[in-house]
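The structure under discussion appears below in the form of structure tokens.
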Amino acid sequence: MLDNSLGEADYYDERDYIGILRRLVIYAIDIFVLLMLGVAVGIPITITAVLEILPLDPGITFWLVYLLAIWTYLAPIKRTRFGTLGYLICGVRIVSATGAPPSLLVMTTRMVLWIANPFNTITDLCWIGLDSERQILRDCYLGNYLVNRNAQPIGSGPVHLTRYFAMGFAMAYPRVCRGKLGS
């Protein structure tokens, strides 16, 4: 008897998953956008501080507004059908294991893991080369996939806990089991 306690999930053609090069382009574009957001947030706060319009500490105000802007860009906007500027330019979208946009909680967790970076970027990029679905480690644990914008699932299958031992890590995370194509 098969264990389907983790449910079912969709899978895509292997060519629909996004590789290292496009991810690097997305990172570069989105980091540039985040830096420009910092400038856009900083200018009016600096002006209000110089003119003494608001009696608030400009440093605290800047970081609160900037962190809210970062969260808005990397969580709610990234999960929309347009995605971030990097996703839009590269023709990419992020989907959950069911093919729907990930929840706001999942996207917020994904953003926090990116900022806190417990899985360093070099390890993530190496992992993409080893993973059949080209997921980075945080997406493996959160059940997200980066796919081509117009990719459609080619099937669904049961989700099982997969164990990996690589690069000094012993990891276990949910993974959809692909069915035989054409059956």
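Any residue in region 36-53 that's over 15 Å from Leu67 (Cα atoms): show its pairings with residues that are in a helix (DSSP H, G or I) and not aromatic (Phe, Trp, Tyr) at Cβ separation under 7 Å, as long as the two are six or more apart or on different chains.
What qualifies is Thr46/Pro58; Ala49/Pro58.
Looking only at helices (runs of 4 or more DSSP H) that lie completely in region 82-183, which have at least 1 residues being surrounded by fewer than 19 Cβ atoms within 10 Å (Cβ to Cβ) and touching a residue at least 40 places away in the same chain (Cβ under 8 Å)?
Here the list reads 85-90, 104-116, 121-130.
Take region 102-128 and flag every residue that is farther than 20 Å from Tyr173 by Cβ and at pLDDT 85 or above.
Leu104
Which one of these is over 13 Å from the mean Cα position of the chain (by Cα), of a type outside the set (Gly, Ala, Ser), closer than 27 Å to Leu130 by Cα and modelled with pLDDT of 95 or more: Ile89, Ile20?
Ile89
Name, by its number, the condition in (1) crowded, with 20+ Cβ neighbours inside 10 Å; (2) touching a Pro at 6+ places or on another chain (Cβ under 7 Å); (3) part of a strand (DSSP E or B) that does not hold for Arg79.
(3)
Check Thr46 against each of (1) among the polar types (S, T, N, Q); (2) assigned to a loop (DSSP other than H, G, I, E, B); (3) more than 30 Å from Arg175 (Cα to Cα) and name the one condition it does not meet.
It fails just one condition, (2).
The values are calculated or read from the model by the stated rules, or taken from the named source; none is laboratory data. All values reported here derive from a predicted model rather than from experimental measurement. Methodologically, a virtual Cβ is constructed for each residue, glycine included, from the backbone with ideal geometry; neighbour enumeration extends over all protein chains shown.
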